[in-house]
Structure formats: C-alpha cells, structure tokens
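Notes follow once the structure below has been shown.
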Amino acid sequence: MNADRTAWEERSVARVVSPVRPRKLAKVPFVEMADGRLQGVVSSGSDIERVYVSSIAAGTLTYNCSTNNNRPCGGLYGDPCKHLRSLVDEAVLQYGLERVAGYLKAEVPENGSLIYSIQGGVERSQGAAVFSRFLRHLAYLELPAASGPLPELHWFPSGVS
C-alpha cells in the first residue's frame, strides 16, 4: 500500500459519514448534498403513492419542488413549501446545521433556523436525476449482502496503476 494513502482509499468501498442524529426515513427517504444543491425525495402528506423532488441551489438559495413526474408542488407560493421545510430539517439531522448551511452558502443567524435563510425564490428545475438516483439507492437495498464488488460499478478506478 502506498504510504501516502490510508487503508480505506485502497478498498472498493468508501467511509460513510455517520448522521449527526438518527432520523426517520418515512417522511424524507432520500437527502443528499450533490450537484451544487441540497436535494432529496420527500413523501406526500396526503397520498402514499406520491413523492416530491425538492431542491435548494447552493449560493443562489433558489428552490424548487415538484412531483416525481415534474408537476409543480401546489404549496410553492413564493416561500419554501412544507416539502422543502422537511428536506431542510432532515438534512440538518443527517449532516448538521453547520455543514448544510456551509454547503448552501447560507448565512444563518445565531439561534436562527436555516429554512428562514432560504430566500432565493422559486427556480424551476427538473428533478428526474434526483429521483433516478433515489430509485438506484432503493435497488441496492434489494441486493443480497456481499463484500465483493458490484459489477455495475466496475468502471470506478481502483487506484492501482
């Protein structure tokens, strides 16, 4: 093993950052900070078969919320809707307020709430990529437990020259 690399860098798996606090996955089953956004999938409060893809852009703090088939959220009236509020709450539980606010480049006053710092307005965006990634994560849950590599991830560089 290369002396400059730690042992986990030589494996086909990466460390998972432990959540700051445990969270329930029923309301927000998927949350991530990726592609310059805080984004995730939020369950509908009224229809068990409907989910929303919600996102907040880093820097501009613009936001969007729509169903998984890109129909706009009915609660998005110039302020973040309840789905965006749930997304932010669960992201803070998962990653911590400082990390989420830092990623979004949001200034949160001391003892303030991150959601009240999200004032960028609505900017419509497609949620298909986020929803697709969520479905991929669900598919991994159905795989039998194994310590070997997954064939579909064979293209990742191994770090061996």
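When you scan the stretch 48-61, how many residues do you find that are over 16 Å from Arg85 (Cβ atoms) and either under 16 Å from the mean Cα position of the chain (by Cα) or surrounded by 24 or more Cβ atoms within 10 Å (Cβ to Cβ) (or both)? First the steps, then the outcome.
Initial filter on the stretch 48-61 (over 16 Å from Arg85 (Cβ atoms)): 48-50, 57-60.
If we keep only those that are either under 16 Å from the mean Cα position of the chain (by Cα) or surrounded by 24 or more Cβ atoms within 10 Å (Cβ to Cβ) (or both) too, we end up with 57-58.
Number satisfying all stated conditions: 2.
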> Of all the residues that make up the stretch 23-42, how many are surrounded by fewer than 22 Cβ atoms within 10 Å (Cβ to Cβ) and touching a Pro at 6+ places or on another chain (Cβ under 7 Å)?
Replying inline: 0
>> Give all pairs with beta carbons closer than 6 Å in which a residue from the stretch 110-129 that is more than 22 Å from Phe30 (Cα to Cα) meets a residue that is surrounded by 13 or more Cβ atoms within 10 Å (Cβ to Cβ) and of a type in the set (Ser, Thr, Tyr); count only pairs at least 6 apart in sequence or on separate chains.
In response: Gly120/Thr60; Gly120/Thr62; Gly121/Thr62
> If you scan the stretch 47-69, which residues turn out to be in a loop (DSSP other than H, G, I, E, B) and out of contact with any helix residue (DSSP H, G or I) (no Cβ under 7 Å at 6 or more places or on another chain)?
Replying inline: Asp47, Ile48, Glu49, Arg50, Gly59, Thr60, Thr62, Asn69
> Does Pro80 satisfy the condition of being in a loop (DSSP other than H, G, I, E, B) and surrounded by 18 or more Cβ atoms within 10 Å (Cβ to Cβ)?
Replying inline: yes
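Read-outs throughout are calculated quantities, based only on the coordinates presented, and are distinct from any laboratory measurement. As the structure is a computational prediction, the values presented were derived from the model and not from experiment. Don't worry about glycine lacking a Cβ; one is built from the backbone with ideal geometry, like all the others, and counts go over all protein chains shown.
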